[in-house]
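Please treat every number below as a calculation from the coordinates, not as lab data. Here the structure is a predicted model, which is why all the values come from computation and not from measurement. Methodologically, a virtual Cβ is constructed for each residue, glycine included, from the backbone with ideal geometry; neighbour enumeration extends over all protein chains shown.
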Amino acid sequence: MNRSFSGLAAVLLFAVPSLTAGQAPPAPTPMTQPVPGPGRPALVALKAARVFDGRSDRVTENGVVLIEGTKIRDVGAGIAIPPSAWVLDLGDATLLAGFIDSHTHVTDEASDSWLGDFYEGLRRPVAEQAIFAAGWARRTLESGFTTIRDLGSRDGIDVGLRNAVNRGLVPGPRMLVAREAIGSTGGHCDRGGFPPGTFGDEPGPSKGIVSGANEARAAVRLNIKYGADVIKTCASGGVLSLNDDVSSPQLTDEELVALVDEAHRRGRKAAAHSHGDAAAKAAVKAGIDSIEHGSFLTDETLALMKAKGTYLVPTLMAGEWTGGKADKFPPLIAEKARAALAARSDMFKRALKSGVRIAFGTDAGVSPHGLSAQEFGLMVGFGMPPAAALRSAGPAAADLLGLGNLIGTLEKGKEADIVAVPGDVLKDIHATERVFFVMKGGRIVRYSAR
C-alpha cells in the first residue's frame, strides 16, 4: 500500500523563509540529505492532474513522475506505482521540469535607487556580498529555477557560491558561472565614466579587460583557470554603463574570433552581450554560441543566427526593469534604457517569425531575484506559444548550456528537477509565477501545501 508523503515532505523542506526584494538574506542553513538517504524512501511518486514533459505541445492528463534517488525512473499516465513508494498527490496542478534561466547575475541585485546601489556597492565587503548572493540563490531556487547560467560576477563570488551549492552548504540552483565578463578597455564590461584612477590601476585580462586578440585569449584562459564554466563577452555597448553607446561594437573581429576559439578549445561555450546589430553579427560570424539581449537585431542577423544555430537569449524582463523604470537612472542610462525597450519588442516578434533558436533568460539581478517566471508572460504576450515559451526554459536552455542529457525535460534517466504550478499552465502561463513545489535532484526544496 502506498504511503502518504506529506510528513516526509515536511521533513525534507528547508525551514527558511523566502526573501522579498531589498531584504537582507538570513544566514545560510545546512541542506537536508537528498532522497534516498538514511531512513528515506528509495522511490517517490509525484502525481498531478497534468504533466508537461517538455517534449511536445501538450500535457499528459493524470500523470505520474516516479523518482528513484536523484533520477527520474519513469513518467507518464497509467504508470504502476510500486507499493514501497512514497506518494505525493499535488492535485489540480501541472508538473514540469525545473526551469532554467540562461542569463542571471545572482551575485548582485538592483534596487529602485541607482545611486544607492552604487554607494552600497563601494562600501560592501566581498564576504558580505557573498552572503547576499546566497540568499538570492535560495530565492531563485524556491521560485522554480533549478539551473542557472550566471553571466558575469566579480571577486570570484559566483565560483564560491556554485561550489557551496554543489557541496550542500547553501541551497541554490545548479550553476554554470562565467566569472569576469570579457570586454574592451572603456567598454560595457569596464568601469568607465569616472576620472582616471578612481578604481585603482587600469584593469587587464585578469579582470576581463582586453586590448588585442592575445589578451582576449589570455582572459579566457584566466577565467577558466579560476573556475569559469562558460565565457561571457561584451560585444556591444550596454544600457547600464556610463560611457558607451548601447549599440556600438566594442571588440574587433580578431578579438572575437580569438575569444570564441579559445573558449571552444577549452570545452566552454561563449555568450555575447550584444544589444547592437553590427556587434551581434560579428560575434555570430566568430562562432559565438548565444547572443544575449539582441535589442537592435536586424532580420539579416537573425537569419544568420538561424543558419549557424546561434541561440537568442532575449532577456525581456531586463527591458521592463530598465526602460520601464528609466527615471531612476542618470540621464545617459535612462536614454539608452528607453531606446532598448522600444526596440526589443519588435525584435522579439521578428525573431519568432525567423525561426531562430530561443533560450529563456532574464538578466535577473537587473530585476529582483525570484521574479524570473514573469519572463514567460512577456514571451507569450509578444506572440510565443505557451508550450514554446516553457520549452525555451527547458530543452532549449538545457541544450544551450550543454546539459541536454541531464535536465530540461521530464524524461526517464534525467535529473529529478521538478516543479509544480497550479492549474493548467498551457491555459494560464502566469501560473509559472505561482510555483508551490520544487524538487532539485530528488530533494524537495519547497512544498507549500494547498
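A few points about this structure:
- Each Lys and Arg Cβ is given +1 and each Asp and Glu Cβ -1; about its Cα centre, the chain then shows a dipole of about 1300 debye.
- For M317, net neighbour charge (Lys/Arg +1, Asp/Glu -1) across residues whose Cβ lies under 11 Å away: -3
- Our coupling estimate for region 355-368, obtained by passing each phi through the Karplus curve with A = 6.51, B = -1.76, C = 1.60 and θ = phi - 60°, is x, 5, 6, 10, 10, 5, x, 10, 6, 3, x, 5, 9, x Hz, Gly and Pro reported as x.
- For the chain, with +1 on Lys and Arg beta carbons and -1 on Asp and Glu, the positive-most of I148, V126, G324 along the dipole: I148
- Cα pair count fraction exceeding 25 Å, expressed as % - region 74-205: 43 percent
- Near V435, no amide H atom lies under 5 Å from its own; only residues 5 or more places off or on other chains count, and H is placed 1.01 Å from N.
- Debye log10 I(q)/I(0) for region 320-372, one point scatterer per Cα, at q = 0.18 Å⁻¹: -0.71
- For A48, the residues whose modelled amide H falls within less than 5 Å of its own, excluding neighbours fewer than 5 places apart on the same chain, are G63, L90.
- Cα-based Lys pair tally, region 302-384, threshold under 18 Å, eight or more apart or on separate chains: 5
- Helical runs assigned H by DSSP (4 residues or longer) give the chain a calculated mean residue ellipticity at 222 nm of -9500 deg cm²/dmol, each run adding -39500 (n - 2.57) before division by the residue total.
- Of all DSSP beta bridges in region 99-401, antiparallel share, percent nearest 5: 5 percent
- Coupling constants for region 86-99 follow from the phi torsions by the Karplus curve (6.51 cos²θ - 1.76 cosθ + 1.60, θ = phi - 60°), and in residue order they are 7, 10, 10, 9, 8, x, 6, 8, 10, 8, 9, 5, x, 5 Hz; glycine and proline get x.
- Hydrophobic long helices, here whole DSSP H runs in the chain with Kyte-Doolittle means of at least -0.5 and Cα atoms spread over 27 Å or more along the helix axis, are found at 331-354.
- HN-Hα J in Hz across region 230-245 - Karplus 6.51, -1.76, 1.60, θ = phi - 60°, x for Gly and Pro: 8, 10, 10, 10, 9, 7, 10, x, x, 6, 8, 8, 8, 9, 9, 7
- In region 231-282, a dipole from Cβ-located charges (positive for Lys and Arg, negative for Asp and Glu) runs towards its positive end, and of S247, A258, A279 it is A258 whose Cα lies farthest in that direction.
- Interchain or long-range residues, amide H under 5 Å from K414's placed H: I72
- The orientation-averaged projected area of the convex hull spanned by the Cα atoms of region 99-401 comes to 13.7 nm².
- Exposure proxy order (Cβ contacts within 10 Å, fewest to most) of D229, D101: D229, D101
- Residues I67, I209, I131 arranged by fewest to most Cβ contacts within 10 Å: I131, I209, I67
- Each of T301, G197, G423 was scored by the projection of its Cα onto the charge dipole of the chain, and the greatest displacement toward the positive side belongs to G423; charges sit on the C-beta of Lys, Arg, Asp and Glu.
- A simple charge model with +1 on the Cβ of Lys and Arg, -1 on the Cβ of Asp and Glu and nothing else charged puts the dipole of region 340-436 at about 340 debye relative to its Cα centre.
- Residues of type aspartates and glutamates that K414 reaches as a straight line, Cα spacing below 17 Å, ignoring anything fewer than 8 places off in the same chain: D53, E68, D74, D399
- Eligible lysines near K427 by straight Cα distance, threshold 20 Å, same-chain separation 8 or greater: K47
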